[in-house]
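Participant: Let me give you the structure first, and then I'll get to my questions.
Nothing in this text is a laboratory measurement; each read-out follows from the coordinates by a stated rule. This is a predicted model, so every value here is computed, not measured. Here the Cβ positions follow ideal geometry from the backbone for every residue, glycine too, while neighbour counts run over all protein chains shown.
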Amino acid sequence: MAIELHTWGTPNGRKVPILLEELGLAYAVHPVHLGREEQFEPKFLAISPNNKIPAIVDSDGPGGPLSLFESGAILIYLAEKTGRFLAPNGAARYKALEWLNWQVGGLGPMFAQLGFFAVRSTEKAPLAIERFTTEAERLIDVMELRLGAAAYLAGDEYSIADIASYPWAHAATTYLAPALGEVVKAKPELQRWLKSVGARPAVQRGMAVPRI
Ligand SMILES: N[C@@H](CCC(=O)N[C@@H](CS)C(=O)NCC(=O)O)C(=O)O
């Protein structure tokens, strides 16, 4: 049976389809239109009580159907279900979890706040824009430093940490470009990584989900 994926076309929404594409798992997409507030509908809240995408339902879960929200939990679950993109033990596993948590707790929320204050809001709050621009630039510097020391975020291997971070790093060059300008262009290691991860066919297919 296919995995049911509830998502929308935002950076957080694209992490799970990228992994599903990488794994070649069958999945059915259920778009949750955020602009129409479908994330507050009772049938979605039943699987994602925090009213945020992404969420999945796997009818073939451990001991029966399993619903999950929070992209980090979903990526770990799918990686462990298939034994791919997350080392089963050892330092490589913890490095991947470290950078995955860095994305979920840092890169995602800070970039999202930057998008809200600097791009989407019609009212411009200078202090908030300055705060989140500085923080976004700091996180970009952290990523540049890490990718100068390792091919991928977790080390030598492409992992769920890269999958989680790619849609947000990509957003820094597209949706967030009005706020961040040429900042990413000046980071050669980040550019190398963006090119290499973005060239993967599964990443390209996942980034196009959901098709509306
Ligand atoms: N920590 C969550 C963040 C998810 C998230 O922020 N999703 C946003 C879209 S990018 C959302 O569903 N927003 C709807 C809302 O807040 O009402 C994750 O990684 O899954």
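Participant: Starting from the amide H of R200, placed 1.01 Å from N in the peptide plane, find each other amide H under 5 Å away whose residue is 5 or more places distant or on another chain.
Facilitator: none
Participant: Please give the length that would be gained between A199 and N50 if that part of the chain were fully extended, namely 0.36 nm times their separation in residues minus their C-alpha to C-alpha distance (nm, one decimal).
Facilitator: Residue separation times 0.36 nm, minus the Cα-Cα distance, leaves 50.3 nm.
Participant: Can you tell me, using C-alpha contacts under 8 Å and at least 6 residues apart, the relative contact order of the stretch 1-126 as a whole percent?
Facilitator: Relative contact order of the stretch 1-126: 21 percent.
Participant: Further, regarding this structure: Would you please calculate the Kirkwood hydrodynamic radius of the chain over all C-alpha pairs and express it in Å, rounded to one decimal? Write down the numbers at each step before the final one.
Facilitator: On the way: mean 1/r = 0.0567 Å⁻¹.
Evaluated over the chain, this radius sits at 17.6 Å.
Participant: Most fluctuating residue of L114, L75, L100 in a GNM of the chain with Cα springs under 10 Å: which is it?
Facilitator: L114
Participant: While we're here: Would you mind working out the magnitude of the charge dipole of the chain relative to its Cα centre, with +1 at each Lys and Arg C-beta and -1 at each Asp and Glu C-beta, to the nearest 20 Debye? Present the calculation step by step, with values, prior to reporting the outcome.
Facilitator: Working: 21 positive and 22 negative charges, 65 e Å.
Roughly 320 debye for the chain.
Participant: Using Cβ contacts closer than 10 Å as the measure, can you line up R14, R93 from fewest to most?
Facilitator: Listing R14, R93 from fewest to most nearby Cβ atoms yields R93, R14.
Participant: A further question follows. Measuring from centroid to centroid over Cα atoms, what is the spacing of the stretch 1-71 and the stretch 120-134 in Å?
Facilitator: So the two Cα centres are separated by 30 Å.
Participant: In whole Å, what is the distance between the alpha-carbon centres of the stretch 173-194 and the stretch 141-155?
Facilitator: That distance is 15 Å.
Participant: Pairs on different chains or at least eight residues apart, Cα atoms closer than 27 Å: how many lysine pairs in the chain fit?
Facilitator: Total qualifying Lys-Lys pairs in the chain comes to 19.
Participant: Now, a different point. Packing-wise, with mean Cβ within 10 Å as the measure, how do 18-25, 121-128, 6-13, 77-84 rank, highest first?
Facilitator: The most tightly packed comes first, giving 6-13, 18-25, 77-84, 121-128.
Participant: Sticking with this one: Just from its helices, what would the mean residue ellipticity at 222 nm be for the chain, if runs of 4 or more DSSP H residues each count -39500 (n - 2.57) and the sum is divided by every residue, rounded to the nearest 500 deg cm²/dmol?
Facilitator: Value at 222 nm, helices only: -15500 deg cm²/dmol.
Participant: Let me have the relative contact order for the stretch 130-189, percent, based on Cα pairs under 8 Å that are six or more residues apart.
Facilitator: On the way: 30 pairs, mean separation 21.1, N = 60.
Result for the stretch 130-189 is 35 percent.
Participant: For labels at A28 and E189 in the simple 7 Å Cα→Cβ model, what's the distance in nm?
Facilitator: 4.4 nm
Participant: Could you grab the relative contact order for the chain? Cα pairs under 8 Å, six or more apart, rounded to a whole percent. Intermediate results must be reported in sequence, preceding the final value.
Facilitator: Working: 310 pairs, mean separation 57.8, N = 212.
This gives 27 percent for the chain.
Participant: Quick check for me: using +1 on Lys/Arg Cβ and -1 on Asp/Glu Cβ, what's the dipole size of the stretch 106-212 about its Cα centre, in debye to the nearest 20?
Facilitator: On the way: 12 positive and 11 negative charges, 79 e Å.
For this selection, approximately 380 debye.
Participant: Once you put a point 7 Å from the Cα of T122 and another 7 Å from the Cα of N89, both along the Cβ direction, what distance in nm separates them?
Facilitator: Output for this residue pair reads 5.9 nm.
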